Amino acid sequence: MAQLPILEFPDPRLRTRATPVDPGWLAEPATQQLLDDMFETMYEAPGIGLAASQVDVHRRFMVIDISEEKNQPLVFVNPLITGRSGEQVYQEGCLSVPGIFADVARADSITVQALDRHGAAFTLQAEGLLAVCVQHEMDHLEGKLFVDYLSPLKREMVRKKLAKQRKQTDAA
């Protein structure tokens, strides 16, 4: 397994809309290795979700594991939200926007349809943190980031803070 580089805001590649996955692609060993590498990258970051777009693979799939023990890995291929209800405000962070957290309003409960890592179709009812995480990662597949929910002023403050962090890292 290998860790993958994670694209960081404001990298324009994060704005790429991912293309659907041909289910036959899931049978390829390289695809299964990519999924394993994405889980390793997500766990090491550390995070609870990672969309393929964040590792510069612009296909519609993502990995999620919200468990404390990191033992409940979920793969969503060609995910589609078919139902939403309620609203919750959750303080979100993002591996592509390191060190930044902000309140984002999202549906409290969702129904999502997708394929698993082997191409089997499933439907999942998700609530709370899992619902937030699925919606957050699906935004990535559309080329959208959680900072897009912020005001233009806050978004510019985030951009400047990240630029400053990068400058300090590069100088070290």
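The values are calculated or read from the model by the stated rules, or taken from the named source; none is laboratory data. Nothing here was measured: the structure is a model prediction, and the numbers come from that model. All Cβ positions, glycine included, derive from the backbone under ideal geometry; neighbour counts span all protein chains shown. The accessibility values were calculated without ligands, DNA or RNA, using every heavy atom of the protein model including side chains. Shrake-Rupley method; radii C 1.70, N 1.55, O 1.52, S 1.80 Å.
Along the positive direction of the dipole of the stretch 1-146 (beta-carbon charges: Lys, Arg +1; Asp, Glu -1; about the Cα centre), which of L95, Q135, I81 reaches farthest?
The residue sitting farthest along the positive end of the dipole is I81.
If you take the beta carbon distance between L80 and A163 as r and set R0 to 45 Å, what does 1/(1 + (r/R0)^6) give as a FRET efficiency, to the nearest 0.05?
FRET efficiency, L80 to A163: 0.80.
Please give the net charge around D148, taking every other residue with its beta carbon less than 13 angstrom from that of D148, where Lys and Arg add +1 and Asp and Glu add -1.
+2
Roughly how many debye, to the nearest 20, is the charge dipole of the chain about its Cα centre, given +1 on each Lys and Arg Cβ, -1 on each Asp and Glu Cβ, and no other charges?
Dipole magnitude for the chain comes out near 800 debye.
How much net charge surrounds H136 when only other residues with a Cβ under 9 Å from its Cβ are counted (Lys, Arg +1; Asp, Glu -1)?
Around H136, the surrounding residues sum to -2.
How many nm is it between the label spots at E28 and Q125, if each spot is 7 Å from the Cα in line with the beta carbon?
3.7 nm
Helix 152-171 versus the longest principal axis of the chain: what angle, 0 to 90°, nearest 10, using Cα atoms?
80 degrees
Quick one: pull the percent of accessible area on the stretch 4-85 belonging to carbon and sulfur, 1.4 Å probe, ligands and nucleic acids left out.
Values: 2090 of 3950 Å².
Of all accessible area on the stretch 4-85, carbon and sulfur atoms account for 53 percent.
Please give the peptides 65-72, 111-118 ranked by average Cβ packing (other Cβ atoms within 10 Å per residue), highest first, as a rough proxy for protection.
For the peptides 65-72, 111-118, the packing ranking is 111-118, 65-72.
So what is the calculated 222 nm ellipticity per residue for the chain, using -39500 (n - 2.57) for each DSSP H run with n of 4 or more, over all residues, to the nearest 500 deg cm²/dmol?
Helix-only estimate at 222 nm: -9500 deg cm²/dmol.
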